[in-house]
1. In the range 114-125, what residues are buried (at least 19 other Cβ atoms within 10 Å of the Cβ) and closer than 17 Å to Thr69 by Cα?
2. For Gly128, work out the one condition from (1) surrounded by 22 or more Cβ atoms within 10 Å (Cβ to Cβ); (2) touching a Gly at 6+ places or on another chain (Cβ under 7 Å); (3) under 25 Å from Gly13 (Cβ atoms) it doesn't fulfil.
3. What is the one condition in (1) at pLDDT 95 or above; (2) surrounded by fewer than 23 Cβ atoms within 10 Å (Cβ to Cβ); (3) not hydroxyl-bearing (Ser, Thr, Tyr) that Met211 does not satisfy?
4. Sort out which residues of the range 13-72 are hydroxyl-bearing (Ser, Thr, Tyr) and surrounded by fewer than 14 Cβ atoms within 10 Å (Cβ to Cβ), and write them in order of number.
5. Among (1) on the phi > 0 side of the Ramachandran plot; (2) touching a residue at least 40 places away in the same chain (Cβ under 8 Å); (3) not in a loop (DSSP other than H, G, I, E, B); (4) not charged (D, E, K, R), which single condition is Gly112 missing?
6. From the residues in the range 141-182 that are among the polar types (S, T, N, Q) and assigned to a loop (DSSP other than H, G, I, E, B), which one is surrounded by the most Cβ atoms within 10 Å (Cβ to Cβ)?
7. For the range 183-208: of the residues being small (Gly, Ala, Ser) and over 22 Å from Tyr148 (Cβ atoms), which is surrounded by the fewest Cβ atoms within 10 Å (Cβ to Cβ)?
8. Using the structure shown, decide if Thr135 is within 18 Å of Ile72 (Cβ to Cβ), in contact (Cβ under 8 Å) with a residue 12 or more places away in the chain and hydroxyl-bearing (Ser, Thr, Tyr).
Amino acid sequence: MKDIVIYGAGGLGREVLWMIKNINKQKNTWNVLGFIVDYKESWGEEVAGFKVLGGSQWIEDYNKELFVTCAIGKSSVRKLIYEKVSQIEHVHLATLIDPTVRVDESVQVGEGSIICYNSIITVDINIGKGVLLNTGASVGHDASIGDYCTMFTNSMAAGNTLLEEGCEIGSGAFILQGIKVCSGTVVAPVSSVLNNITETGTYVGNPARRMR
């Protein structure tokens, strides 16, 4: 089994722990050592039966091969953490796909990505590095999901869509087929993107419009 720590001990961290347990029920793959957080006040606490081990220095001090998964929903924060820990020689980024996910063998998934319970990833899709697809997310054929994007619960990117790096698609939001969304864009929950987005910002509504 491979040693793994979960970076982030909030609700998403506990969901990722649940996913790892589900993966291990199919095949014993991961030995969970505990959680990592940056705020010292939580070090030594117990979360869902596992200890909060410390911060990023704990990862550096660990003297064996170690896999890290980052259970933080904010795309920019997840990118910073993955870029930092990737510099440590003995660290690898864990790619986690829940056993309930429906995904075709043609799909490419980058390292460090997390695909959660009941997501649907159809055919000929490229998912970048450090992507988070939360529970029930759906991605259609020939789509491309850029590095460090986040698709929250029950969001949908239809076929041939392109999400550039670091986009955040809120719960229940919809991206129309063939739409391109520029890097760093935030789409609010239950919004519908019906036109290409070329200017970074937060988009709200149906159809989604940029907040001023």
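1. At the first step, the residues of the range 114-125 found to be buried (at least 19 other Cβ atoms within 10 Å of the Cβ) are 114-116, 119, 121, 125.
The answer is Ile114, Ile115, Cys116.
2. (1)
3. Exception for Met211: condition (1).
4. Residues of the range 13-72 hydroxyl-bearing (Ser, Thr, Tyr): 29, 39, 42, 56, 62, 69.
Passing the criteria: only Tyr39.
5. Of (1) on the phi > 0 side of the Ramachandran plot; (2) touching a residue at least 40 places away in the same chain (Cβ under 8 Å); (3) not in a loop (DSSP other than H, G, I, E, B); (4) not charged (D, E, K, R), only one is false for Gly112: (3).
6. Ranking the candidates gives Ser155 first.
7. Let us first name the residues in the range 183-208 that are small (Gly, Ala, Ser), namely 183-184, 188, 191-192, 201, 205, 208.
Applying the additional criterion that residues be over 22 Å from Tyr148 (Cβ atoms) yields 192, 205.
Working: Ser192: 16, Gly205: 14.
Within the range 183-208, the match that is surrounded by the fewest Cβ atoms within 10 Å (Cβ to Cβ) is Gly205.
8. Numbers: within 18 Å of Ile72 (Cβ to Cβ): yes; in contact (Cβ under 8 Å) with a residue 12 or more places away in the chain: yes; hydroxyl-bearing (Ser, Thr, Tyr): yes.
Answer is yes for this residue.
The values are calculated or read from the model by the stated rules, or taken from the named source; none is laboratory data. Quick caveat: nothing in here was measured; it's all calculated off a predicted structure. Please note: Cβ atoms are built from the backbone with ideal geometry, for glycine as well, and neighbour counts cover all protein chains shown.
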